[in-house]
Amino acid sequence: MENEILDNIQSPIIAPSILSADFCNLQADIDMVNQSEAEWFHLDIMDGEFVPNISFGMPVVKAIRSRAEKPLDVHLMIVRPERYITRFAEAGADILTVHYEASTHLHRTLHQIKSEGMLAGVALNPHTPIMLLEDIIEDADLVLVMSVNPGFGGQKFIERSIDKIEKLREMIDKRGCETLIEVDGGVNLETAPRLVAAGVDILVAGNSVFGAQNPTEMILNLKNAR
């Protein structure tokens with residue numbers, strides 16, 4: 001995979017989830033991530049329809065882009081995500097992930113994302129089986145495995161996610177593609193080593209980072225999870 005976003009980065013990539021940041025002092029949390037060992041910012045976009053919650057949209061992404069010194073990993077938890085691909089690219093997204101369950105024409109959507117100069121990801125809800133990606137895996141730059149039900153932070157890690165990740169790792173390796181595995185939900189110092197061992201490349205961490213007494217140290221500890 002030839003993309004400057006991935007140059008000289010060693011897994012696991014740490015992507016702190018801005019949804020768990022302090023929105024009354026967001027600039028300070030963005031600066032903290034800039035100065036930390038984290039590689040990406042993770043932004044969850046929720047529409048109140050695909051998931052039972054609403055987060056933020058393009059203006060906030062654009063504002064974060066103006067301060068962030070690292071790539072923006074944008075996760076669309078919205079219906080018909082293809083409507084907004086160009087607008088998120090214009091807002092500053094570097095990676096754009098859509099849900100398998102929300103995109104009727106997934107192949108076309110992934111290539112539309114790439115045509116806008118972004119990495120293209122596909123996300124799976126906890127109940128969605130890995131085998132449904134067999135015909136699309138080569139077209140995705142990453143697969144985001146949800147290890148909690150999407151829509152709210154701070155949920156308990158779903159243990160079956162480990163088996164799911166192992167199956168996905170086997171599929172990717174067998175097909176000889178370079179698709180990365182990302183996981184979001186319940187990532188902490190207990191689950192991170194197990195996820196990395198199962199084959200995860202990217203760890204999204206929200207509460208465990210922004211709720212820590214020392215977020216910068218927590219990011220470093222997650223980065224060294226083995």
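The values are calculated or read from the model by the stated rules, or taken from the named source; none is laboratory data. Treat the numbers as computed from the prediction; the structure is a model and nothing was measured. Note that each Cβ is placed from the backbone with ideal geometry, even for glycine, and that neighbours are counted across all protein chains shown.
Tabulated data
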item: Selected residue [farther than 23 Å from Val148 by Cα and of a type outside the set (A, V, I, L, M)] from Ser11, Ser55, Ser115, Ser20; result: Ser115
item: Thr216 surrounded by fewer than 23 Cβ atoms within 10 Å (Cβ to Cβ), among the hydroxyl-bearing types (Ser, Thr, Tyr) and farther than 18 Å from Thr97 by Cα; result: yes
item: Extreme residue, farthest from Thr179 (Cα to Cα), among residues of the range 26-58 that are modelled with pLDDT of 95 or more and part of a loop (DSSP other than H, G, I, E, B); result: Ser36
item: Flag for Val61 being surrounded by 17 or more Cβ atoms within 10 Å (Cβ to Cβ), among the aliphatic types (A, V, I, L, M), in contact with a Ser or Thr (Cβ under 9 Å, 6 or more places away or on another chain) and not in a loop (DSSP other than H, G, I, E, B); result: no
item: Sole residue being surrounded by fewer than 14 Cβ atoms within 10 Å (Cβ to Cβ), at pLDDT 95 or above and within 18 Å of the chain's Cα centre (by Cα), chosen from Gly121, Gly117, Gly199; result: Gly117
item: Positions within the range 167-204 being part of a helix (DSSP H, G or I) and within 14 Å of Val122 (Cβ to Cβ), in sequence order; result: Leu168, Met171, Ile172
item: Restricting the range 32-58 to residues that are touching a helix residue (DSSP H, G or I) at 6+ places or on another chain (Cβ under 7 Å) and of a type in the set (Asp, Glu), the residue that is surrounded by the most Cβ atoms within 10 Å (Cβ to Cβ); result: Asp44
